[in-house]
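Visitor: Please read through the structure below; I'll follow up with questions.
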Amino acid sequence: MFTMRYIKKMIYALLLAVAAQVATAQIKILYGPYLQNVKENEATIVWVADKPSIGWVELAPNDGTHYYGEERPKYFDTTNGVKNTSLLHAVKVKALTPGTTYRYRIYSQEVLSHEGINVIYGRVAASDVYKKKALTFTTCDPNKKETSFVMINDIHGRENIITKLLNNANYKDKDLIIFNGDMVSEFKDEQTIFNGFMKESIDLFASEKPMYYARGNHETRGEFATSFQKYFSPKEPFLYYLFRQGPVCFIMLDTGEDKPDSDIEYSGITDYDSYRTDQVEWMRKLSGNEDFKQAKYKVVIAHMPPSADLDIWHGQKEVLKKFVPILNELGVDLMLCGHLHRNKYEEPSAGIKFPVLVNSNNSVVSVETDGDRMNLMVLDLDGKVITKKSYTAK
Ligand SMILES: [Fe+2]
């Protein structure tokens, strides 16, 4: 017969054993790494550890030497000179050479306690370079003769269709992948992002092939929506940006929400009309940007398409009223959108002087440049070509 005192002792011992186990459990990389904002001279690498930790990236040239051949330079996840103690890590590596492949390795070292000036560190987790080849990425190159890319959008958390769509567009042969918004229906928490589309994307390509993300209206919803930029474009000033790969200059825009800011659905927390005006101000400066000016093709990526239809919602009207005039002025070649969950194609008109292609929620856009042509295909889930277009460089 066990006495109450004996049972209490046993429970206490068990709790201590569990606590010790938790304290010594090896820190792990939970998600990632994945690439963000790969440009000509820089790239951002993001990952999530399962314990509060400091984080850093090691970079090595892709020169055939063994990764362990020498100590590799370290780039730390910091804010104003202090290493961040966090689960989520983002490191921007700079001063890179255009069109160059780099090997990289990520590290997280657990921070057990930080009291006063004393920091006690725990164990380290890192990506594997012993049993596996080191991860690599290649910087963009404006002088690359040709480029190619694929775009998907409106996945709404259906991660199981990502592989199929990207395979249908032969994503492995393409330079980069574009997510054009509404990858999930609501930004609830971190699990929603990774279970909804990022785990699948990391398994497939995102550790080594650049992914560029234009926010959709559904990413603006939910209590976690303000954390969007911690995960995507984390080291950039804005969610709208420009990048160049080979002959194409990409203008990534954020079209915001679809209803008026005063709508009951937004609970008075949004101000997208002003935000869209800010983007117009930014676009006005693009005519002086060398990457933009010298690009053979100028492609706009924006979630909501412009529309002059009478029964259209406020957000799309704003895209027409605010974005289209400056995009007409800038002489863009093509605008790629999503949002409508159907395929649509509009030829240039007097009002919108460039073609607007809307990709559905069940198809993928595949684009390749070929000299003075830029060839585009839209393929459905069965790999059937549903739209084929070709554009001449202006
Ligand atoms: Fe949408």
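The values are calculated or read from the model by the stated rules, or taken from the named source; none is laboratory data. Since we're looking at a predicted model, the values are computed, not measured. Because the Cβ atoms are built from the backbone with ideal geometry, glycine has one as well, and the counts that use them run over all protein chains shown. Areas reflect the complete protein model, heavy atoms only, side chains present, ligands, DNA and RNA absent. Shrake-Rupley method; radii C 1.70, N 1.55, O 1.52, S 1.80 Å.
Visitor: Condition test on ASN180, is it farther than 29 Å from ASN62 by Cβ, of a type outside the set (Phe, Trp, Tyr) and open to solvent by less than 10 Å² (accessible area, probe 1.4 Å)?
Guide: Judged against the criteria, ASN180 is a match.
Visitor: If you don't mind, another one. If you take the residues of the range 258-308 that are of a type in the set (D, E, K, R) and within 16 Å of the ligand (Cβ to nearest atom), which of them is farthest from VAL324 (Cα to Cα)?
Guide: GLU265
Visitor: Determine whether SER113 is within 30 Å of GLN191 (Cβ to Cβ) and buried (at least 17 other Cβ atoms within 10 Å of the Cβ).
Guide: no
Visitor: Let me ask something else about it. Among (1) away from the ligand (no atom under 16 Å from the Cβ); (2) closer than 22 Å to GLU208 by Cα; (3) without any contact (Cβ under 8 Å) to a residue 40 or more places away in the chain, where does GLU70 come up short?
Guide: (2)
Visitor: Take the residues of the range 333-348 that are surrounded by fewer than 20 Cβ atoms within 10 Å (Cβ to Cβ) and near the ligand (Cβ under 9 Å from one of its atoms): which is farthest from ILE312 (Cα to Cα)?
Guide: HIS341
Visitor: Now for a separate question. Identify, please: which residue in the range 318-329 is more than 13 Å from the ligand (Cβ to nearest atom) and crowded, with 17+ Cβ neighbours inside 10 Å and is, among those, nearest to ASP261 (Cα to Cα)?
Guide: Out of the qualifying residues, it is GLU318.
Visitor: Right, another one. Step by step: first the residues of the range 277-317, then only those that are closer than 22 Å to ASN359 by Cβ and among the aromatic types (Phe, Trp, Tyr), then the one that is most open to solvent (accessible area, probe 1.4 Å). Which residue is that?
Guide: TRP313
Visitor: Output the residues belonging to the range 264-293 that are at pLDDT 95 or above and in contact with a strand residue (DSSP E or B) (Cβ under 6 Å, 6 or more places away or on another chain).
Guide: Within the range 264-293, just PHE292 meets the criteria.
Visitor: Out of all the residues in the range 190-230, which are within 18 Å of VAL48 (Cβ to Cβ) and among the hydroxyl-bearing types (Ser, Thr, Tyr)?
Guide: THR192, SER201, SER207, TYR213, THR226, SER227
Yes or no, residue by residue, for (1) under 22 Å from GLY32 (Cβ atoms); (2) in contact (Cβ under 8 Å) with a residue 40 or more places away in the chain; (3) surrounded by fewer than 22 Cβ atoms within 10 Å (Cβ to Cβ); (4) touching a Ser or Thr at 6+ places or on another chain (Cβ under 6 Å):
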{"position": "ALA125", "(1), (2), (3), (4)": "yes, yes, yes, yes"}
{"position": "LEU135", "(1), (2), (3), (4)": "yes, yes, yes, yes"}
{"position": "CYS140", "(1), (2), (3), (4)": "yes, yes, no, no"}
{"position": "LYS164", "(1), (2), (3), (4)": "no, yes, yes, no"}
{"position": "TYR171", "(1), (2), (3), (4)": "yes, no, no, no"}
{"position": "LYS174", "(1), (2), (3), (4)": "yes, yes, yes, yes"}
{"position": "LYS188", "(1), (2), (3), (4)": "yes, no, yes, no"}
{"position": "GLN191", "(1), (2), (3), (4)": "yes, no, yes, no"}
{"position": "ALA214", "(1), (2), (3), (4)": "yes, yes, no, no"}
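Visitor: Taking only the range 66-78 into account, find how many residues are assigned to a strand (DSSP E or B) and either open to solvent by less than 70 Å² (accessible area, probe 1.4 Å) or touching a helix residue (DSSP H, G or I) at 6+ places or on another chain (Cβ under 8 Å) (or both).
Guide: Result for the range 66-78: 2.
Visitor: Here is a further query. Of the conditions (1) out of contact with any helix residue (DSSP H, G or I) (no Cβ under 9 Å at 6 or more places or on another chain); (2) on the phi > 0 side of the Ramachandran plot, GLY383 clears all except one; give me its number.
Guide: That leaves (1) as the condition not met.
Visitor: Could you please let me know if ALA95 is small (Gly, Ala, Ser) and assigned to a loop (DSSP other than H, G, I, E, B)?
Guide: yes
Visitor: Would you check if ARG244 is crowded, with 19+ Cβ neighbours inside 10 Å and within 16 Å of the ligand (Cβ to nearest atom)?
Guide: Criteria not met by ARG244.
Visitor: For the structure I just gave you, tell me whether GLY222 is of a type outside the set (Ser, Thr, Tyr) and either modelled with pLDDT of 95 or more or surrounded by 17 or more Cβ atoms within 10 Å (Cβ to Cβ) (or both).
Guide: yes
Visitor: Of the residues ASN375, ASN362, which single one is within 16 Å of the ligand (Cβ to nearest atom) and either touching a helix residue (DSSP H, G or I) at 6+ places or on another chain (Cβ under 7 Å) or open to solvent by 40 Å² or more (accessible area, probe 1.4 Å) (or both)?
Guide: Only one candidate qualifies: ASN362.
Visitor: Only one residue in ASP261, ASP254 is assigned to a loop (DSSP other than H, G, I, E, B), of a type in the set (Asp, Glu) and touching a strand residue (DSSP E or B) at 6+ places or on another chain (Cβ under 7 Å). Which one?
Guide: ASP254
Visitor: When the residues of the range 193-214 are narrowed to those that are within 16 Å of the ligand (Cβ to nearest atom) and either at pLDDT below 95 or in contact with a strand residue (DSSP E or B) (Cβ under 9 Å, 6 or more places away or on another chain) (or both), which ends up nearest to THR138 (Cα to Cα)?
Guide: TYR213
Visitor: Now for a separate question. Let me spell it out: the conditions are (1) at pLDDT below 95; (2) on the phi > 0 side of the Ramachandran plot, and TYR130 meets all of them except one. Which number is the exception?
Guide: (2)
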